[in-house]
Amino acid sequence: MIEAMVKLQTETAEAMLAGMASLTPAALAGDGSLPAAWTAMASQMAAVWQPPVPAEPPSPAAAGAAAPLADPALWRGLVDSWYRSLPLPDEATRERLLADSLQLWDSILGQYGIGPGAGRDVPDLPRKDRRFADPRWREQPVFALIHQSYLLLAEQLAALVDQAEGLDPARRQQLHFTVRTLLDALSPANFPTTNPVVLERFVETRGESLFHGLQHLLADVTRGQLTQSAPGAFTVGQDLATTPGKVIHETPLFQLIQYSPATPQVLAAPLVIFPPWINRFYILDLTPQKSFVRWAVEQGLTVLMVSWKSADASLAATTWDDYVRAQIEAIEVARARFKVPAVHTIGYCVAGTTLAATLAVLARRGEADRVASATFFTAQVDFELAGELRHFVDDTQLALIEGLARDGVVDGRYLASTFNLLRGQDLIWNYVVNNYLLGEDYRAFDLLHWNSDSTNLPAAWHLDYLRDLYRDNLLVEPDRLAADGTPIDLRRITTPCYIQAGREDHIAPPQSVWRLTRHLAGPWTFLLAGSGHIAGVVNPPAARKYQYWTNPDARDSYDQFLAGATEHPGSWWPHWIAWLRGLTPQEVPATGKRVPGGRGDRVIEDAPGRYVLQP
């Protein structure tokens, strides 16, 4: 993926800068060597942008080399050639877009004292974007023109998608996503020759920044994954996933961790957490300050966590039935261990989707009373409004995933790249600029360390999940799907449910998460948290960040919920624990099996266990 992005950037730069022959990557590195090309591009562009004061008048050759960036007439010619090379539907559209662009250029040049509109003291550029917030994008007219032209082109192409005829809504959304992804990749901020911050850093460090950036790039190409957090900054079991506990149960698919109590009394009904198997469980047990697990234990809960094994060839035949059976098994282990009739449960993301299926299975079997409550973190069951991940579930994409499988397993790095693409500016290009082009060292960030700690998936299960749920949306059709031989009908679920969504969630949009409420027969509470799929969930009270919204009177639609919602500052976790305690307030002493590994209690190993450490 990284090599493909660099290739795309280089090829596009050559096409866009064809009129600036002395500045093209092809001219700078005839042998195709990436380090040589980047070094030459940066040094030549830096010389043009901020040339040293010459001791003698410049020679005619030197003046000619700077001509492309010194002559506005040539700039206009370049813009004309760029627009004429675009695959636009008709000549009238092309001419209109070109006219808009040239009008923008005349306006901006006038603000810098060039052309008929000259005179403004402080440039007032019409388009704002945080990628170009640094003042250096406005100090030189060439960089102002470059980034403003890019933003105008992005607006124009988005408008063309909106105006395209004969597209159904799903295809139009897919085209929007494709155009946005391409434009994100082609931002002038991502090119060393068109980013003034990169060029200044190159001059200041005498090329050292580019050298370090290339080291980062080559290391990522070798490992096949974009680095987002400082390598070696965190060790699972030492810095992350440190809440004390023991592995009390193990199967080939999962380990079950029980955490040690932190209070003399605990709720009688234990809590079993099902994290998504697309990632590692310790998103809910990051550093002690951010750990949901540690906080829940401190609130007087007996917490058990499922740690899924990253798939290898031995799990190639695993299906959704196996994950449903695993959830039921974990529930039964907890009930038997503590001799309680029912447990509380949490399902996060895909594990929440599966928890809904598990509840439906238990209800059909007459065993619904084994679960006292179900909490859903950013989980979907109705995938009609599932957002941009739906762009990856057509026949072409499914065939691609199938082709990527090895030994019946999909490499987790592919899945990580897919999720990163949904927020390309933040999760891909931000790191390309900072760590490749500027050569900055990586920050130690626990959440991004977890984000890069990918897990592999059974290919057959993953394809069925994308096909049956995301593409065909069969889970909300009663009895269209079955698990462990039992038909699934979500309308049978009477278990009290707490449904949490993230207002800025790009993986499970809140409108989609809300739809779970449409398929439940029992009581439910819906809560909207600030931020997105991860930060909206992992928001401890001590952080005093974000907010959440409640509206217990809204029962009909997500829009109705928003219209009358009450905003509350800070973390939603205290709201959740109050809801949970209201269901089962009974407490018991934290003794006996409530203390894992105590006298007479056979356990397997210390938390966080082996499975989370395996590749």
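The values are calculated or read from the model by the stated rules, or taken from the named source; none is laboratory data. Because the structure is a prediction, the values reported are computed rather than measured. Glycine gets a Cβ as well: all are built from the backbone with ideal geometry, and neighbour counts include every protein chain shown. Ligands, DNA and RNA are excluded from the accessible area calculation, which covers all protein heavy atoms including side chains. Shrake-Rupley method; radii C 1.70, N 1.55, O 1.52, S 1.80 Å.
Just flag the trypsin sites (Lys or Arg not before Pro) in the stretch 512-601 sitting in loop per DSSP whose Cβ has no more than 14 other Cβ atoms within 10 Å. All intermediate terms of the calculation are to be shown ahead of the outcome.
On the way: sites: 515, 518, 544, 545, 555, 581, 593, 594, 599; in loops: 544, 545, 555, 599.
For trypsin sites (Lys or Arg not before Pro) across the stretch 512-601 that sit outside H, G, I, E and B with at most 14 neighbouring Cβ atoms in 10 Å, the list reads 544, 545, 555, 599.
Among the trypsin sites (Lys or Arg not before Pro) within the stretch 184-240, those in coil by DSSP and having at most 15 neighbouring Cβ atoms inside 10 Å are 206. For the stretch 527-595, the share of accessible area belonging to carbon and sulfur comes to 53 percent (1.4 Å probe, ligands and nucleic acids excluded). For residue 545, the lysines whose Cα falls under 18 Å of its own Cα, not counting residues fewer than eight places away in the same chain, are 290.
Using every pair of separate Cα atoms, the Kirkwood estimate puts the hydrodynamic radius of the stretch 504-576 at 12.8 angstrom. The Cα atoms of the stretch 248-297 give a gyration tensor whose axes a ≥ b ≥ c have a/c of 1.5 or more with a/b no greater than b/c, which makes the shape oblate. Under the rule a/c < 1.5 gives rounded, and otherwise a/b versus b/c splits prolate from oblate, where does the stretch 333-399 land using the Cα gyration tensor? Prolate is the answer for the stretch 333-399, as a/c is 1.5 or above and a/b outweighs b/c.
Among 234, 274, what's the order by accessible area (1.4 angstrom probe), most exposed first? Write out the running numbers ahead of the final one.
Details: 234 35, 274 0 Å².
Solvent-accessible surface, decreasing: 234, 274.
By a 1.4 Å probe calculation restricted to protein chains, residue 454 has an accessible surface near 30 Å², given to the nearest 10.
Centroid-to-centroid, using Cα positions, the stretch 299-377 and the stretch 549-577 are 27 Å apart.
Of the solvent-accessible surface of the stretch 422-526, computed with a 1.4 Å probe over protein heavy atoms with every protein chain present, carbon and sulfur atoms account for 43 percent. Computed with every protein chain present, the accessible area of residue 346 is close to 0 Å² [probe 1.4 Å]. Taking a sphere under 9 Å around the Cβ of residue 593 and counting the other residues whose Cβ falls inside, with K and R at +1 and D and E at -1, yields a net charge of +2.
Within 11 Å, Cβ to Cβ, of residue 394, how many net charges do the neighbouring residues add up to if Lys/Arg are +1 and Asp/Glu are -1?
+3
For the stretch 574-586, backbone phi angles converted through the Karplus equation (6.51, -1.76, 1.60; θ = phi - 60°) give residue-by-residue couplings of x, 4, 5, 5, 5, 4, 5, 5, x, 7, 9, x, 5 Hz, Gly and Pro being listed as x.
Would the stretch 156-247 count as rounded, prolate or oblate if I go by the C-alpha gyration tensor, calling it rounded below 1.5 in a/c and otherwise prolate when a/b exceeds b/c, oblate otherwise?
oblate
Can you compute the FRET efficiency between residue 128 and residue 312 using 1/(1 + (r/R0)^6), with r the Cβ-Cβ distance and R0 = 56 Å? Round to the nearest 0.05. Please list the in-between numbers first.
Working: r = 48 Å, r/R0 = 0.86.
Once the sixth-power term is evaluated, E becomes 0.70.
Stretching residue 162 away from residue 215 to a fully extended chain increases their span by 14.9 nm, per 0.36 nm per residue minus the current alpha-carbon distance. Accessible area ranking (1.4 Å probe, heavy atoms, ligands and nucleic acids excluded), largest first, for 94, 471, 172: 471, 172, 94.
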